[in-house]
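Undergrad: Below you will find the structure I want to go over with you.
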Amino acid sequence: MTVIAAKKFDDGIYFAADSMISSDNTKHTQHEVNKIFHTFGMTVGGAGNLSEINLLKIYAKNRKPKEADEISVIEFFLEFEAWAKKKRDNFTIENEYIIALENKLFNICDGYEVYEVKSFHSIGVGADFAIAIMHTGGTPLQAVKVSCDLCILCGEPILELIHTYKNKDKD
């Protein structure tokens, strides 16, 4: 299970994620599973099936949305799904994602429900705890730490990444 938190700051978008994975009724916390990653000019966090996140890592090694806008993000995921169906016939996007492009942050859920996040957001089973912490001024690291403490389906170690802005003209 998962919690990923992202928040915009003056110098970039900060990400934090737990690293617990589970299979059946067993949780695995002895691994540093990377649910957040930098690739080809964007930063991505994925909550859900690890095999889908890994396919996205491969696909995004040399591809990203054409622009930092909702339509381009939707097109990117449509193209990702078509590519992934060539690898796995019954593939459909089931995970939820947070993506940082330039100085913008997007949430992607339910396949193609895409919207821009103005300040902060969290995904995964620990998201409610994380959103509350960031709403009260906390950082993504603090938010994920609280989620790991209070949600039985999240676990440390916590991983962090910073998506730095390419230009200083932020929205």
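The values are calculated or read from the model by the stated rules, or taken from the named source; none is laboratory data. For clarity, every value in this text was computed on a predicted model and none was experimentally measured. Methodologically, a virtual Cβ is constructed for each residue, glycine included, from the backbone with ideal geometry; neighbour enumeration extends over all protein chains shown. Heads up: the accessible areas ignore ligands, DNA and RNA and are worked out on the full protein's heavy atoms, side chains in. Shrake-Rupley method; radii C 1.70, N 1.55, O 1.52, S 1.80 Å.
Undergrad: Just want the answer: with Cβ charges of +1 for Lys and Arg and -1 for Asp and Glu, which residue in 53, 137, 126 is farthest toward the dipole's positive end in the chain?
TA: 53
Undergrad: Rounded to the nearest 500 deg cm²/dmol, what is the calculated helix-only ellipticity per residue at 222 nm for the chain, with -39500 (n - 2.57) per DSSP H run of length n ≥ 4?
TA: Mean residue ellipticity at 222 nm (helix-derived): -8500 deg cm²/dmol.
Undergrad: Set the bar at 31 Å for Cα to Cα. Now go through 66/118; 57/145; 35/118; 35/86; 86/145 and name every pair that lies beyond it.
TA: Too far apart for the 31 Å limit: 86/145.
Undergrad: Here are a few candidate values for Rg and Dmax of the Cα atoms in Å: (1) 16.4, 49; (2) 28.2, 90; (3) 15.2, 47. Which one was actually calculated from the structure I just gave you?
TA: Only one listed value fits the structure, namely (3).
Undergrad: Not counting the cut sites, what is the longest span of the chain without chymotrypsin sites (Phe, Trp or Tyr not before Pro) that DSSP labels loop and that have at most 15 other Cβ atoms within 10 Å?
TA: Here the longest segment lacking exposed loop sites spans 41-111.
Undergrad: If exposed means no more than 12 neighbouring beta carbons inside 10 Å and the site is in a DSSP loop, what's the longest run of the chain without any exposed GluC sites (Glu not before Pro)?
TA: 95-171
Undergrad: What percent do you get for the relative contact order of the chain when only Cα pairs under 8 Å and 6+ apart count?
TA: It rounds to 34 percent for the chain.
Undergrad: Taking 8 Å as the Cα distance limit and 6 or more residues as the minimum spacing, I'd like the relative contact order of the range 104-171 as a percentage.
TA: So the answer I get is 21 percent.
Undergrad: For the range 76-171, with all protein chains present and a 1.4 Å probe, just round the carbon and sulfur fraction of the accessible area to a whole percent.
TA: Using a 1.4 Å probe with all protein chains present, the range 76-171 comes out at 52 percent carbon and sulfur.
Undergrad: A follow-up question, please. Treating the beta-carbon of each Lys and Arg as +1 and of each Asp and Glu as -1, no other charges, what is the dipole magnitude of the chain about its Cα centre, to the nearest 20 debye?
TA: Result for the chain is approximately 500 debye, rounded to the nearest 20.
Undergrad: Out of the range 21-110, which trypsin sites (Lys or Arg not before Pro) are coil in DSSP terms and have no more than 12 other C-beta atoms within 10 Å?
TA: Answer in residue order: 61, 66, 88.
Undergrad: Right, another one. From the backbone phi of the range 125-142, what are the Karplus-calculated ³J(HN,Hα) couplings (6.51 cos²θ - 1.76 cosθ + 1.60, θ = phi - 60°) in whole Hz, Gly and Pro given as x?
TA: 5, x, 4, 4, 4, 5, 4, 4, 5, 5, 4, 8, x, x, 8, x, 4, 4
Undergrad: Rounded to the nearest whole Å², what accessible area per residue is found for the chain with the 1.4 Å probe?
TA: Here the per-residue accessible area is 51 Å².
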